[in-house]
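Here is the structure we will look at.
A short reminder: the numbers here are calculations on the coordinates, not readings from a lab. Since the structure is predicted, the reported quantities are computational estimates derived from the model, not experimental observations. Note that we place each Cβ from the backbone using ideal geometry, even for glycine, and neighbour counts take in every protein chain shown.
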Ligand SMILES: [Zn+2]
Ligand SMILES: [Zn+2]
């Protein structure tokens with residue numbers, strides 16, 4: 001029994017932290033970044049030529065927090081696994097959000113099918129309207145189907161057509 005727990009507890013802590021981070025990322029994106037934190041996030045919703053965005057500071061905040069947890073795990077071991085889960089989520093988010101959707105890497109790859117296409121379209125939907133208000137799809141790893149999001153977007157902004165251009169499914 002002891003040996004099962006030895007593996008089970010770390011696995012649960014990591015999986016739980018990753019799941020919690022998706023929830024927290026969704027919540028904070030809607031209520032902080034599109035709320036009082038818009039000052040940093042705005043840069044992510046505007047076209048620009050610069051390599052970095054003020055919005056990247058949020059990634060720095062998360063990285064500092066995860067690092068602090070790794071350090072604090074010297075005193076309380078379980079924190080190490082929680083910090084690992086947060087880091088895994090950050091890496092996945094970075095590859096999918098900054099790489100796949102926003103093409104911040106030097107090649108272009110647009111997923112044409114399956115889960116990655118769904119994630120791609122859902123986040124394009126987040127960027128389908130200008131400004132801070134009336135946006136949909138604040139989460140990331142769990143992505144709602146594009147058709148459902150388009151409907152939500154239309155409900156939030158009646159009378160305004162929602163175009164996704166070439167990304168129409
Ligand atoms: Zn946003
Ligand atoms: Zn984005």
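Assorted remarks:
- Separation of the residue 12 and residue 32 label points, Cα + 7 Å toward Cβ, nm: 2.7 nm
- Extended-chain gain in nm, criterion 0.36 nm per residue less alpha-carbon gap, residue 147 and residue 47: 33.5 nm
- Dimensions (Å) - segment 23-84, Cα atoms, principal axes, largest first: 43, 25, 15
- Peptides 48-55, 126-133, 95-102 ranked from most to least packed give 95-102, 126-133, 48-55, packing being the mean of other C-beta atoms within 10 angstrom over each peptide's residues.
- Cα-based helix-to-principal-axis angle, 78-93 vs the chain, degrees rounded to 10: 20 degrees
- Computed Kirkwood radius, in angstrom, where 1/r is averaged over Cα pairs of the chain: 17.6 Å
- The C-alpha atoms of the chain define a longest principal axis, and helix 114-126 lies at about 60 degrees to it.
- Segment residue 109-residue 20, extension gain: residue separation times 0.36 nm, minus the distance between their alpha carbons: 29.2 nm
- One chain, two ends: residue 155 and residue 67. Fully extended at 0.36 nm per residue, the span grows by 27.6 nm beyond their Cα-Cα distance.
- Between 0 and 90°, nearest 10: helix 146-156 axis offset from the chain longest Cα axis: 70 degrees
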